[in-house]
1. Could you look through segment 236-274, keep only residues that are surrounded by 19 or more Cβ atoms within 10 Å (Cβ to Cβ) and within 8 Å of the ligand (Cβ to nearest atom), and pick out the one that is farthest from residue 193 (Cα to Cα)?
2. Need pairs with beta-carbon distance below 9 Å; first residue modelled with pLDDT of 95 or more and within segment 220-246, second acidic (Asp, Glu) and within 11 Å of the ligand (Cβ to nearest atom); sequence gap 6+ or separate chains.
3. For segment 314-337, give me each residue that is within 16 Å of the ligand (Cβ to nearest atom) and crowded, with 21+ Cβ neighbours inside 10 Å.
4. Take segment 195-211 and flag every residue that is buried (at least 18 other Cβ atoms within 10 Å of the Cβ), out of contact with any helix residue (DSSP H, G or I) (no Cβ under 6 Å at 6 or more places or on another chain) and under 10 Å from residue 365 (Cα atoms).
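The values are calculated or read from the model by the stated rules, or taken from the named source; none is laboratory data. All figures in this text were calculated on a predicted structure; none of them were measured in a lab. Here Cβ is always computed from backbone atoms with ideal geometry, including for glycine, and neighbour counts include all displayed protein chains.
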Amino acid sequence: MIGRSPVCPVQRYGSGLDGLVVGDTTISLIDGLSSRLLYRGYSVEDLVEHVTFEEVSHLVLFGELPDRSALEEWKGELIRWREPPQAAFDALHRVPFAAHPLAKYRTTLTVAACHVGDLDGAPSGIERRTPARILSWTAALAAAAIRHAEREAPLSPDPRLGFAGNFLYQALGRRPEADEERAFDASLIVQAEHGLHAAALAALIVSSTGADLGSAVLAGMGALSGVRHGAANQLAFEMLGKLEDADHARRWAREALARGHRFPGFGHRVYKCPDPRVRALEPWARRLLAAHGMDERWHTYLALREEVEAALGPRGIHANVDSITGLLYHPLGLPPGAFPIPFCLAIQTGWMAHCLEYAPDGPMISPGVVYVG
Ligand code: ACO
């Protein structure tokens, strides 16, 4: 006789792994009810005011804001890795100009990673060298991917510029103004870490198998490219681009709300209150837009945000970081298709920090699934 076995006893789980935790962390606190985001105990708003992305990446990765000599050493390490292997740039000759910049960036990092063995040498200092190499290689490759869409050749780095300034220089082909560099740096700071979101978990799962940090970052990049995740900043900006002015934004938002539209750049799995990253970046976006004669776009954004939040705020849906970053990147001259790139450049810092924190004794992450057939 052949028969079906009974289904397993009920197991508890939330949809999308909601409510499950992988372990403890000292890297960040995301307080989704009180609108706070802390990296190693420091609020992102304070960090934006007082330090640079180089200092924040050191804080997130290694647990401390660097003193002067540690900062010089870390900056030196970051500068040392600004020139990825030529083979990675050559790979761009074999992909279509119109491919998404995020896909090109991921592809060239894969090629660059094949050359790591040639460069590693002595194992000492690998904890710092690998994250520095990933951060700086990816910045150069991302800039090259953005230029490739314009059929422009990659540019050599400028060692006098910091991480943010050099990325903008390599991507745009012009040295940014001080305010532009500071605003872009602020966007990197507030996006440098965000707990175990979907992309960070993807990276951590790969790393928990014993795979290298580069493979973990590549997994994170794949997860981040989705429209519900890191690609939302492009969609949020494109939505705004279709609105002529504040009045149009209000009219359109009311009509879209009535038909149950899902607004890119609004809502968040954790924040059920205003996203602190929006608060930190709005003054910068407003200033940059004004400096580039784009005030109208600011007022359009504000009208849309107010209208959507008035209707959905009581349900815990507010503007998230993806609604504001495009308003910084557009006046700088970055094309909308490239908007997910700075997010990825910044947030991989947190992915690596989680991998390094988990790695020493964390077991391989391998959840089950409940058979209900
Ligand atoms: N616009 C309108 N309604 C929304 C939105 C939105 N942006 N987000 C959620 N809702 C509504 C849903 O329609 C749903 O309503 P229902 O209960 O009547 O069906 C309810 O809120 C719950 O939606 P879920 O998708 O289940 O909620 P979750 O907490 O998983 O949503 C998510 C998080 C995926 C980010 C969602 O808010 C969304 O799709 N936002 C738009 C895309 C976006 O901006 N993503 C970037 C997030 S931040 C980041 O990754 C950096």
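1. 263
2. From residues that are modelled with pLDDT of 95 or more, the pairs are 236/322; 237/322.
3. Hits for segment 314-337 are 318, 319, 320, 321, 322, 323, 324, 325, 326, 327, 328, 329.
4. Matches in segment 195-211: 201, 205, 208.
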